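The values are calculated or read from the model by the stated rules, or taken from the named source; none is laboratory data. Since this is a predicted model, take the numbers as computed values, not measurements. Backbone-built Cβ (ideal geometry, glycine too); neighbour counts: all protein chains shown.
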Amino acid sequence: MSQPLLDVRGLVVEYGHGRDLHRAVDDVSFQVPRGGSLAVVGESGSGKSTIAKALVRLVRPTAGSIVFDGVDLAQLTDRRLRPLRHRVQMVFQDPYGSLDPHLSAQEIVAEPLAARGERSRRVRERRAAELLDQVGLPTSALHRRPAEFSGGQRQRIGIARALASEPDLLVCDEATSALDVSVQAQVLDILAGLRRDQGLTFLFISHNLGVVRAVSDEVLVLRTGRVVERGPTTEVLRRPREEYTRQLRRSVLEPALISGRKPRDLVRRIAAARTAESVAAA
Ligand SMILES: Nc1ncnc2c1ncn2[C@@H]1O[C@H](COP(=O)(O)OP(=O)(O)OP(=O)(O)O)[C@@H](O)[C@H]1O
Ligand SMILES: [Mg+2]
């Protein structure tokens, strides 16, 4: 057996201090083989994004190891981590917040190329155009800014930007995704294609058990920071052992998600839940 690309053991992440200390991720372990795809599912607040953030060092783990290609990222100083950073990229599925509103799509995607030392502006622009083409955006999109795109198109820009760093591992956090079902399916298609054609490794985070089947071989079910179930995606979908997983499968409409949502978002979520159910039942 070859070494997994990502080997996470005993991961603990806490927020706050003293009385406000909150353990968001509690002793989580998992492995992702090279070219593999692991889904992390769980209700809102279960710790999914916190795991993703620990992987890209947006938060520091309290304990545990994150061994990536043989190196424990959890132990590295920021300086030591820097040359490795490009290899683990995150695609935020709330692209509103993560794309610089003042830059054009082409500039957004070219930025990581400059950061990695590509001096020629012409080369950067050409590569950015190629990457945007690869995720299915037309040439006419190059000079438009994030506000001029739809949610699905913004997500593609986010993917192209992540690819510009030539990562080995893509961490996709779709937590706040409000994309409608057909757009979501298109984006999932792009991700599946990247895995097939370029051998990218995926950690795919979702509320939605139905959606993950399209992109992940294995699934890890999280509840209040702990792993409650894991296994091959098809098996967990067909025969969930935990009532919690059954509930997740039935619906993506947890109360925490409903509160504060606009009716339009709710309608979308209900449609997404139905699709997920029919996918899961199929
Ligand atoms: N910066 C922070 N400071 C304090 N607590 C936080 C912070 N970020 C997250 N938390 C808490 O940690 C827990 C896990 O949050 P996390 O964002 O990882 O959940 P999630 O599974 O991604 O949820 P969602 O599906 O809603 O995105 C929650 O209880 C949350 O309130
Ligand atoms: Mg989240």
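Quick notes on this structure:
Quick grid of which residues meet (1) over 22 Å from VAL236 (Cα atoms); (2) in contact with a strand residue (DSSP E or B) (Cβ under 7 Å, 6 or more places away or on another chain):
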| residue | (1), (2) |
| --- | --- |
| SER2 | yes, no |
| GLY16 | yes, yes |
| ARG19 | yes, no |
| GLY35 | no, yes |
| SER44 | no, no |
| THR50 | yes, yes |
| PHE68 | yes, yes |
| VAL71 | yes, no |
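- Here ASP197 meets each of (1) among the acidic types (Asp, Glu); (2) modelled with pLDDT of 90 or more; (3) surrounded by 16 or more Cβ atoms within 10 Å (Cβ to Cβ) with one exception, condition (3).
- Residue in the stretch 113-131 that is within 16 Å of ligand 2 (Cβ to nearest atom) and assigned to a helix (DSSP H, G or I) present: no
- Residue check for VAL109: crowded, with 17+ Cβ neighbours inside 10 Å and without any contact (Cβ under 8 Å) to a residue 60 or more places away in the chain: yes
- Options ALA129, ALA178: the member that is more than 19 Å from VAL32 (Cβ to Cβ) and modelled with pLDDT of 85 or more: ALA129
- Condition check for LEU103 on (1) within 16 Å of ligand 1 (Cβ to nearest atom); (2) of a type in the set (A, V, I, L, M); (3) in a loop (DSSP other than H, G, I, E, B): one failure, at (1).
- Of everything in the stretch 203-226 that is farther than 26 Å from ARG87 by Cα and over 15 Å from the mean Cα position of the chain (by Cα), the residue that is surrounded by the most Cβ atoms within 10 Å (Cβ to Cβ) is GLY210.
- Where strands (runs of 3 or more DSSP E) sit wholly within the stretch 1-59, those with at least 2 residues that are within 14 Å of the chain's Cα centre (by Cα) and crowded, with 23+ Cβ neighbours inside 10 Å occupy 37-42.
- The number of residues in the stretch 117-153 that are under 22 Å from the mean Cα position of the chain (by Cα) and of a type in the set (S, T, N, Q) comes to 3.
- Search result, residues across the stretch 16-34 that are near ligand 1 (Cβ under 9 Å from one of its atoms) and free of Cβ contacts under 8 Å to residues at least 24 places away in the same chain: GLY16, ASP20, HIS22
- When each of VAL12, VAL56 is tested for being of a type outside the set (Asp, Glu) and farther than 22 Å from ARG87 by Cα, the lone residue that passes is VAL12.
- Flag for ALA74 being touching a residue at least 12 places away in the same chain (Cβ under 8 Å), near ligand 1 (Cβ under 10 Å from one of its atoms) and assigned to a helix (DSSP H, G or I): no
- Pairs are defined by a Cβ separation below 8 Å, a sequence spacing of at least 6 or placement on different chains, a first member in the stretch 35-56 that is free of Cβ contacts under 8 Å to residues at least 60 places away in the same chain, and a second member that is more than 13 Å from ligand 2 (Cβ to nearest atom) and in a helix (DSSP H, G or I); the pairs so defined are ALA54/ALA74.
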